[in-house]
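Reviewing the structure listed below.
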Amino acid sequence: MTTDAVLDFLGANGTVTGSKTLLTHRTERVLVDCGLYQGQRELRQRNWDHFEPSASSITAVVLTHAHLDHCGYLPLLVRQGFSGPVHCTSATAELARIVLLDSAHLAEEDARNASRHGWSKHSQPRPLYTDEDVERALHRLVTHEHGQPFAVADGITAHLDLAGHILGSATAHLELAGTSVLLSGDLGRDDHPVLRAPSPPRPARYVVVESTYGDRAHADTGLDHLAAAIRRTVGRGGSVLIPAFAVDRTEVVLHALKRLMDAQRVPRVPVYVDSPMALKALDLYRRAVAAGDPQVRSATTADGDPFDPGGGLEALHTPEQSRSINEPAWPCIIVSASGMATGGRVLHHLEHLLPEERNTVVLVGYQAVGTRGRDLVDGVRQLKMHGRYVPVRAEVVVADGFSVHADADGLLAWLGRLREPPEACFVNHGEPESARALADRITAELGWLAVVPRFGERIRLA
């Protein structure tokens, strides 16, 4: 049976950012995720390109979750003429407001600073988008509960099921005449410390799966590495800086710090959260825990405030408060965004803490190629920020195990829960080696046809 349906892979191919997958069925076009590119300059340049096909031709958008690499292009899509609904869960809508407004604020601030200090090659640097662009995009959001069906376009029905990656995250199942497509979005771990495990996948003829960690297994030593790094650093009178994604990774890190301090595995020192976006997201997580949200593990709700290590968590809201801890007078732990050190307040903390050997930077998340975080992982001895180089003398620790992406075994286990094998499985959202490794395992262990699509590739669904 011919379905007149095609998939276009418009982002996150050969990389972990810029997620965009377009399903076209007859005259209907549904874009699943609308992400911003981050990392390498040549990828970030795509953010400035005009969207193809035309934004006005898109019927609807479905967001799997509110991370910038999945929702951050939405204001540009609306500015270019998209006027349809954007379907997501209610928590994704709340987090998207936080994430997108913060993104616009940083873009405008960077443009002003580049103009003032001459960091840009452009005579009049401009932001990628503004607060006004974000507000227009947010007005397009339509919310749904996990597991509830809804019409996404003429002849296309969708379900958003628990993905267990961040609050509100979902897998997207699209059903149309003659076929169905399941898109994993970013799939969470079965052992996420706060959120429930992903729902089993719905039956589908075609599957699109992420592969961020498609070539590796998560280490189970993340907590131990973090504890040892804190003890060493405090012992030599230094401070610990943890670049952490503002949404979910900050909560996971705080939860880990609470466990370590409660067990007296690390000394009780001041813990600062220095990110306006992270603090707003933290408030949403606290509300979800207090309300007994079905996305949250029941054990989390019985632990008081699971995000307050040592009972003395300090929230830094203003720039003045942030600058006050650039040179701490005593050992402390600073949790700040962004998680890959691509921007935000973490940069001026890095500028002040990296040159001192007594300090430590602990990296607790995936570091994409082309980011400062990846440079630190790769052992650079100097890092460029705000137009100048800073020496890297501080200890740099990679604490694997804090990722909230499923690893290769987790992805295979989730796919293996499908009752019937799909006709094809498309592997994206991963660097080339990772995507290829996962595709090979899917073929070898599940016996499926597994394809790693190229950027811009179009595939017809039988």
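Summary table
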{"item": "Tally of residues being small (Gly, Ala, Ser), surrounded by fewer than 17 Cβ atoms within 10 Å (Cβ to Cβ) and assigned to a helix (DSSP H, G or I) across segment 226-269", "result": "2"}
{"item": "Tabulated pairs, segment 443-457, first part of a strand (DSSP E or B), second open to solvent by 50 Å² or more (accessible area, probe 1.4 Å), C-beta under 7 angstrom, 6+ apart or interchain", "result": "ALA450/THR443"}
{"item": "Enumeration of residues in segment 272-313 that are outside any helix (DSSP H, G or I), under 16 Å from VAL252 (Cα atoms) and among the acidic types (Asp, Glu)", "result": "ASP274, ASP303, ASP305, ASP308"}
{"item": "Criterion (among the aliphatic types (A, V, I, L, M), in a loop (DSSP other than H, G, I, E, B) and under 21 Å from the mean Cα position of the chain (by Cα)) met by exactly one of LEU167, LEU160", "result": "LEU167"}
{"item": "Members of segment 120-166 that are open to solvent by less than 10 Å² (accessible area, probe 1.4 Å), touching a helix residue (DSSP H, G or I) at 6+ places or on another chain (Cβ under 9 Å) and of a type in the set (A, V, I, L, M)", "result": "VAL134, ALA137, LEU160, ILE166"}
{"item": "Selection within segment 276-313 - open to solvent by less than 10 Å² (accessible area, probe 1.4 Å) and either charged (D, E, K, R) or closer than 25 Å to GLY343 by Cα (or both)", "result": "ALA278, ALA281, LEU282, TYR285, PHE307"}
{"item": "Residue satisfying all of: in segment 314-329; in a helix (DSSP H, G or I) and of a type outside the set (Lys, Arg); surrounded by the most Cβ atoms within 10 Å (Cβ to Cβ) among these", "result": "SER322"}
{"item": "Residue count, segment 242-251 (criterion: of a type in the set (A, V, I, L, M, F, W, C) and either modelled with pLDDT of 95 or more or in contact with a Phe, Trp or Tyr (Cβ under 6 Å, 6 or more places away or on another chain) (or both))", "result": "1"}
{"item": "Filtered residues of segment 70-98 (kept if surrounded by 24 or more Cβ atoms within 10 Å (Cβ to Cβ) and either within 14 Å of the chain's Cα centre (by Cα) or modelled with pLDDT under 95 (or both))", "result": "HIS70, CYS71, GLY72, TYR73, THR92, LEU95, ALA96"}
{"item": "Single residue of VAL369, VAL361, VAL390 found to be modelled with pLDDT under 95 and β-branched (Val, Ile, Thr)", "result": "VAL369"}
{"item": "So VAL397, is it aliphatic (A, V, I, L, M), touching a His at 6+ places or on another chain (Cβ under 8 Å), farther than 25 Å from ASP283 by Cα and in contact (Cβ under 8 Å) with a residue 60 or more places away in the chain", "result": "yes"}
{"item": "Test: ARG202 is open to solvent by 60 Å² or more (accessible area, probe 1.4 Å) and touching a Gly at 6+ places or on another chain (Cβ under 8 Å)", "result": "no"}
{"item": "Flag if THR64 is at pLDDT 95 or above and open to solvent by 10 Å² or more (accessible area, probe 1.4 Å)", "result": "no"}
{"item": "Answer from LEU223, LEU174 - the residue that is modelled with pLDDT under 95 and outside any loop (DSSP other than H, G, I, E, B)", "result": "LEU223"}
{"item": "Residue that is farthest from ALA424 (Cα to Cα) [pool: residues in segment 193-206 that are of a type outside the set (Gly, Ala, Ser) and over 18 Å from the mean Cα position of the chain (by Cα)]", "result": "PRO200"}
{"item": "Matching residues in segment 329-349 - criterion: being in contact (Cβ under 8 Å) with a residue 60 or more places away in the chain, within 15 Å of TYR272 (Cα to Cα), out of contact with any His (no Cβ under 9 Å at 6 or more places or on another chain) and aliphatic (A, V, I, L, M)", "result": "ILE333, VAL335, ALA337, VAL346"}
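Let's see how each residue does on (1) under 18 Å from the mean Cα position of the chain (by Cα); (2) of a type in the set (Val, Ile, Thr); (3) modelled with pLDDT of 95 or more:
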| residue | (1), (2), (3) |
| --- | --- |
| ASP186 | yes, no, yes |
| ASP191 | yes, no, no |
| VAL208 | yes, yes, yes |
| ARG216 | no, no, no |
| ARG231 | no, no, yes |
| GLY238 | no, no, yes |
| ALA256 | no, no, no |
| VAL266 | no, yes, yes |
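Here is a yes/no grid of residues against (1) of a type in the set (Lys, Arg); (2) open to solvent by 20 Å² or more (accessible area, probe 1.4 Å); (3) out of contact with any His (no Cβ under 7 Å at 6 or more places or on another chain); (4) farther than 20 Å from LEU76 by Cα:
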position	(1), (2), (3), (4)
VAL6	no, no, yes, yes
LEU10	no, yes, yes, no
THR15	no, no, yes, yes
GLY18	no, no, yes, no
VAL30	no, no, yes, no
GLN38	no, yes, yes, no
ASN47	no, no, yes, no
GLU52	no, yes, yes, no
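The values are calculated or read from the model by the stated rules, or taken from the named source; none is laboratory data. Everything numeric in this text was worked out from a predicted model, so none of it was measured. Note that each Cβ is placed from the backbone with ideal geometry, even for glycine, and that neighbours are counted across all protein chains shown. Just so you know, the surface numbers come from the protein's heavy atoms only, side chains and all, with ligands and any DNA or RNA stripped out. Shrake-Rupley method; radii C 1.70, N 1.55, O 1.52, S 1.80 Å.
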